[in-house]
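The values are calculated or read from the model by the stated rules, or taken from the named source; none is laboratory data. Quick caveat, the model's predicted, so the values are computed rather than measured. Note that we place each Cβ from the backbone using ideal geometry, even for glycine, and neighbour counts take in every protein chain shown.
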There are 2 protein chains.
Amino acid sequence: MRTLPQPHPEDFDLAAVLHALGDPVRLELVRRLAEEGETTCSPEGLTVPRSTLSNHWRILREAGVVAVRTSGKTRLVTLRRNDLDTRLPGLLAAVLEELTGGLDG
Amino acid sequence: MRTLPQPHPEDFDLAAVLHALGDPVRLELVRRLAEEGETTCSPEGLTVPRSTLSNHWRILREAGVVAVRTSGKTRLVTLRRNDLDTRLPGLLAAVLEELTGGLDG
């Protein structure tokens with residue numbers, strides 16, 4: 001089991017985190033992680049080319065939004081919820097409120 | 001006095017708002033608006049080409065983050081704080097906390 005490189009919470013950059021979240025596909029990935037917990041990096045039902053998806057995961061990982069660990073040939077992804085909540089309080093909660101429980105559903 | 005086109009709060013798109021905020025220059029513009037209130041669209045001390053700055057304002061305006069009104073040849077910009085707070089509760093507050101009062105100053 002190996003964890004891919006990721007920033008320490010102290011090194012989170014607000015612009016990088018917002019940029020990572022500022023894309024419809026990446027928001028959908030974050031929504032699924034929030035609802036389902038750890039997932040593989042190839043979630044079902046997303047019609048996104050593998051290379052594009054890989055790029056989205058990299059952007060999310062490098063910003064500190066997700067952690068990726070490899071187990072054999074499988075990559076498992078988790079949302080770094082605690083790190084985000086500690087470093088940028090309220091940000092992820094506001095995003096998830098809109099993604100999963102907002103007025104517009 | 002004329003207000004440039006801007007989305008109604010009901011039409012705010014989370015990804016577009018996060019994308020608009022996910023840039024260091026645009027975050028600096030938002031920080032200044034939050035601290036100084038209405039400003040001209042050519043803030044002092046920013047070494048950004050006019051065309052680049054104009055593009056940043058457009059992205060912020062089209063996402064609903066700022067409102068721009070023209071008065072003669074002057075463009076005046078305000079942060080749409082109430083609209084953002086109503087439509088995406090907690091998001092702007094979390095961003096401003098990090099920009100103006102966060103642990104790292």
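Answer yes or no as to whether B:E44 is acidic (D, E) and surrounded by 14 or more Cβ atoms within 10 Å (Cβ to Cβ). Give the steps one after another, and end with the answer.
Numbers: acidic (D, E): yes; surrounded by 14 or more Cβ atoms within 10 Å (Cβ to Cβ): no.
It is false that B:E44 is acidic (D, E) and surrounded by 14 or more Cβ atoms within 10 Å (Cβ to Cβ).
Looking only at residues that are more than 14 Å from the chain's Cα centre (by Cα) and not charged (D, E, K, R) in region B:10-40, which one is surrounded by the fewest Cβ atoms within 10 Å (Cβ to Cβ)? I'd like the intermediate steps shown before the answer.
Looking only at region B:10-40, we keep the residues that are more than 14 Å from the chain's Cα centre (by Cα), and these are B:10-11, B:13-15.
With not charged (D, E, K, R) added as a condition, the list becomes B:14-15.
Details: B:L14: 22, B:A15: 20.
Selected residue: B:A15.
I'm checking my understanding of the structure. Among residues of region A:62-96 that are within 17 Å of A:A20 (Cβ to Cβ) and charged (D, E, K, R), which one is surrounded by the fewest Cβ atoms within 10 Å (Cβ to Cβ)?
Residue satisfying both the conditions and the ranking: A:D85.
Have a look at A:A63, A:A67 and point out the one that is at the interface with chain B (Cβ under 10 Å from one of its Cβ atoms) and on the phi < 0 side of the Ramachandran plot.
Details: A:A67 fails: at the interface with chain B (Cβ under 10 Å from one of its Cβ atoms).
Just a single option satisfies the conditions, and that option is A:A63.
Name the residues in region B:5-52 that are in contact with a Ser or Thr (Cβ under 7 Å, 6 or more places away or on another chain), away from every other protein chain (no Cβ under 14 Å) and of a type in the set (A, V, I, L, M), would you?
B:L33
Of the residues A:E97, A:E62, only one is over 13 Å from the mean Cα position of the chain (by Cα) and modelled with pLDDT of 95 or more; which?
Details: A:E62 fails: over 13 Å from the mean Cα position of the chain (by Cα).
Result: A:E97 is the single residue among A:E97, A:E62 that is over 13 Å from the mean Cα position of the chain (by Cα) and modelled with pLDDT of 95 or more.
Does any residue in region A:45-74 that is touching a residue at least 12 places away in the same chain (Cβ under 8 Å) come within less than 6 Å, Cβ to Cβ, of a residue that is surrounded by 11 or more Cβ atoms within 10 Å (Cβ to Cβ) and among the small types (G, A, S) six or more places away or on a different chain, and which pairs are these?
A:I59/A:A20; A:L60/A:A20; A:A63/A:A16; A:A63/A:A20; A:V65/A:A20
Tally the residues that are closer than 22 Å to A:H56 by Cβ, of a type in the set (G, A, S) and away from chain B (no Cβ under 11 Å), restricting the search to region A:70-105.
Count: 1.
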